[in-house]
Amino acid sequence: MSHPDEQAWFQQSYRRAPFGIGVFSAEEGRWLRANPALCRLLGYGEGELAVIAEADLTHSDDPTLTHFLLSGGSSDAPDADADADAPLTLHKRYVHKNGCIISVTLHLSLLEENRSTDRSRYLVQMIDMTAQLQREEQLRVSEYKHRLVTDVSLDWISRHKTDEHATITYSSPSCRAFFGYTPEEMIGHSAIAGVHPDDLEHVRAFLAEIVHTQGSRVIFRYRHKDGHYVWLESASRYTFDANGDVDEIIAVSRDITERIRANQLLQEREQKYKSLFDHNPAAVYSMNMNGDYLTANPNLEKLTGYTLDELIGMYWGPIVAEKDLAKTQHHFNLAKQGMPQSYDLTIIHKDGHLVEINSTNIPIVVDSEVVGVFGITTDITERQRYIEQIEKLSTSYTLILNAVSEGIFGLDTEGNTMFVNPAGAAMLGFEPSELIGKPYRGILQEPYSNAPQLLDGEDAIFRVIQSGRTYHNKESVMWRKDGSSFLVEYQVTPMTDKGEVKGAVVVFRDKTSEHEILRAKESAERADQAKSEFLAVMSHEIRTPMNGVIGMTELLADTALDEEQRGYADMIRQSGDALMRIINEILDFSKIEAGKMELIDEPLSVRDVVESAASLFAPRAAERGIGLDWRFDERIPALVIGDEGKLRQIIVNLLGNAIKFTEHGAVQISVSMHEPAEPHRLYIEFTVTDTGIGIPPDKQQLLFQSFTQLHPAINRKYGGTGLGLAICKKLVELMGGLITVSSKECEGSVFSFTVPFGLPSHEASAGAEYALPVGRLEQGAESQAAANAALAHTPGLAASAARTRPADSPSGPLRLLVVDDVPVNRMLLATLLRKLGCEPDSAENGAEAIRMAAAGSYDIVFMDLQMPVMNGFEAAEKIHRMFDEADRPVIVAVTAYARREDRDRCLAAGMQDFISKPVFAQEVERVVKQWAPRTPKQER
């Protein structure tokens, strides 16, 4: 007998088993017992299962247990006892109580007590196989779809071992079309063995790299079964096992043989076209969308006098005579819109003489998009002279009538057309013969109108014939033969003979294009004004917070800091300076594009500008282990006249790029003077040479384009807007100069620009003997701070100030007022003033400043311009009117606006000086020293 505890254990296992356990009667065809798991599987309680036939729960397509057992699942043979311990297994489906279908596996064992009797009761183990079967079905479907994709794909899909042979483990059927092999012939063979010998090293390097650069592509040749080679473009990827180890290579390859052949044919055609291009009797060239020359044949050299090296990258504007600039720009813009143009213009040869040319502009269209403009130019100087002679010598009526571009037709007293010139007939859409003898009213009347209603102009013409008085209409409408209308200006003049009116002459011209151009001009002017205002707002909104960042960092650096804190402060300062450089670069480019960049001619030292720019980059060069040299032509005068800030900006940009892209070797800047070609003017050439990575020939044409980065990976590492060289080119051209580049990949680059400078009268003569001293900036040399000087105060103000405000220190404390709505800006300026020994008051807006100025006698008021309640302009005007000249405080504008018109507006509002944000200590000190009176005002 079993122990009671064993019975309890059995009952507990029976109830808690995770699979179904039951007792089934084959004779009765129902469940006699069912544990909880079996009940959950079928959705019925044990009592319900006891009264429901198992056949009613069975799926209609599957056998019942009774049928299974009676049809061979159990045996009545004499030797059945020998297999009694082996359970029977059945896979079938049941209908759950909720209606869903479940798949189960049943293991049936004949109960011991029934073996010798009716053998109808079985112990049944029921396991739910629904989820597993669904997963298996999904896997089969997925494998089928995968196989279908690989079988029908036009690309060759393959799998490879990661051994040195890249042994093929799978090949899609497309290999038959690619290589002439069946998949079975390729499996197990080396993929490397089929690679063309000249491509083998390239392919091996690719396989070694794709571990780190998943998704890369490689182009190579692969041997066909018949011996020829097929060009493939292959994308490969490694797969990894559960442990993260490389498992196999999966590759998708495409046959690009036809594409390669097409490219070869294209290259052959390009060679043919190049021959036509180079040997064309006309000057043939191409330009980008900005009007910079990309290519040119030798005839353009002959026509312009410039070498091809000078022309490539040059903008066409400086070559065109000023009188034809607008016309040329108009036709160039139309060509960029896809419309071929042909027109005459005058260009300036390099030696200064004028050349008359005819230019044809043809859009360069790629994939339905205009990407540039072709130009074909011929010298028509002699033809133009011939035409001019004809126009001067010939008084022929026919020549005059046919030569003018205006439309002209004559009418008799009845209003019939006596003559019409070709231009007039063309504008009206008629042949001249169609108009002669016809009434003008029929000609000018709209052909689709229902009634013969006359236009006002037609009535006016007829009145001229009747009255003999001239009539002029600046804007009217005429109708063409096809029914379309166009805008005209016309004049009707009577033809008289001995005082008798014989008819009238109508002269008209098509104003449609002029009207459209005028509207476009007005629209452009509005857009330009909006752009200018946007620049002003952007300058103010960006520089205002930067004033706080840079100014407070400068104050922080002057405090007692430990080494770590000073390092943090230096990082903030460097980041602020870098951000200001980026901001200034973007704003400068926007100013140039808007035509708002102006030159400032002032005395400057070329040597000082070059040496300070080089010193700025010395630490960076030392850190990278590269040399930084300079060479200077001693003939260059000590002072020249030019724009120091823009010259410095160009040199800093070129030096910064040279050091950024040079990993070893040296960077050198050379300055040389051209022989003076005219009094009081000389040309200086600046050359920056590096031994860096160089520039591929096919990318050099992109160098001076906006937002272009030729080395994206390096630019992402070191930063940059892609505007530096574009700004350099614009600034050089604005200064009247020319910038060029010469480079070889992996061998370095040479950037050279030449700009003109004026000479003070005492420097007009030539300099000392030519020499090129060499200087090396030693490693560790301290860098000169980047020039962040604020805008100089308006010329003329300092002179008047000197008469009323002596510049020496006062004999007592100054009364100062700081007005700014931003607390950080007030704190910054007040701190700078305290460092000068002053204790300023502060106000948050213009209205508060007026109240404080009325209550206290201030010597200097530092006035922000953009503030709530009342802005700085209004406040300055009111303070200016509040006091007479003796008691009036000096008002100094402190603002992020930097335009000349802003300075002029400050003057008009009564302000006497101007400093810009970011505010620096030296500018504040200058203002205090310059405008401080000898005796400060005493408080009233």
Inset, instruction - Quick one: net charge around Gly468, please, counting Lys, Arg +1 and Asp, Glu -1 for every other residue with C-beta under 15 Å from its C-beta. - result: +1
Legend entry - Under 5 Å, built H, 5+ apart or other chain: amide partners of Ala17: none
Legend entry - Protection-proxy order for peptides 366-373, 219-226, each taking the mean of Cβ atoms within 10 Å per residue, highest first: 219-226, 366-373
Legend entry - Ascending count of other beta-carbon atoms within 10 Å, so fewest first, for Tyr386, Tyr858: Tyr386, Tyr858
Legend entry - Residue exposure sequence - Met870, Met478, Met571, Met863 - by fewest surrounding Cβ within 10 Å: Met571, Met870, Met478, Met863
Legend entry - Across Lys323/Lys438; Lys272/Lys699; Lys729/Lys917; Lys350/Lys511; Lys878/Lys917; Lys660/Lys730, pairs whose alpha-carbon gap is larger than 30 Å: Lys323/Lys438; Lys350/Lys511
Legend entry - FRET efficiency, Val824 to Ser523 (Cβ-Cβ, R0 51 Å, nearest 0.05): 0.80
Legend entry - Relative packing of peptides 91-99, 410-418 - highest average C-beta neighbours within 10 Å first: 410-418, 91-99
Legend entry - Whole-Hz ³J(HN,Hα) from phi, Karplus 6.51 cos²θ - 1.76 cosθ + 1.60, for segment 490-495, glycine and proline x: 9, 9, 10, 10, x, 9
Legend entry - For Met314, residues with placed amide H under 5 Å, excluding near neighbours: Tyr293
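Take the alpha-carbon positions of segment 223-287, form their convex hull, and give its projected area averaged over all directions (one quarter of the hull surface) in nm².
Convex hull of Cα atoms, orientation-averaged projection: 8.9 nm².
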Inset, instruction - Please compute the net charge surrounding Thr689, taking Lys and Arg as +1 and Asp and Glu as -1 over other residues with Cβ under 14 Å from its Cβ. - result: -2
Inset, instruction - For an R0 of 60 angstrom, estimate the FRET efficiency from the Cβ-Cβ distance between Glu745 and Asp61 and round to the nearest 0.05. - result: 0.20
Inset, instruction - Provide the packing ranking of 654-660, 481-487, 248-254, i.e. peptides ordered by the mean count of other C-beta atoms within 10 Å per residue, highest first. - result: 654-660, 248-254, 481-487
Inset, instruction - Determine the sum of side-chain charges near Arg851: Lys and Arg each +1, Asp and Glu each -1, restricted to other residues whose C-beta is under 13 angstrom from that of Arg851. - result: -2
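Every number in this text was worked out from the coordinates using simple rules, so none of it is lab data. Worth saying up front: this structure is predicted, and the values here are computed from it rather than measured. Quick reminder, even Gly has a Cβ in these numbers, built from the backbone with ideal geometry, and neighbours come from all protein chains shown.
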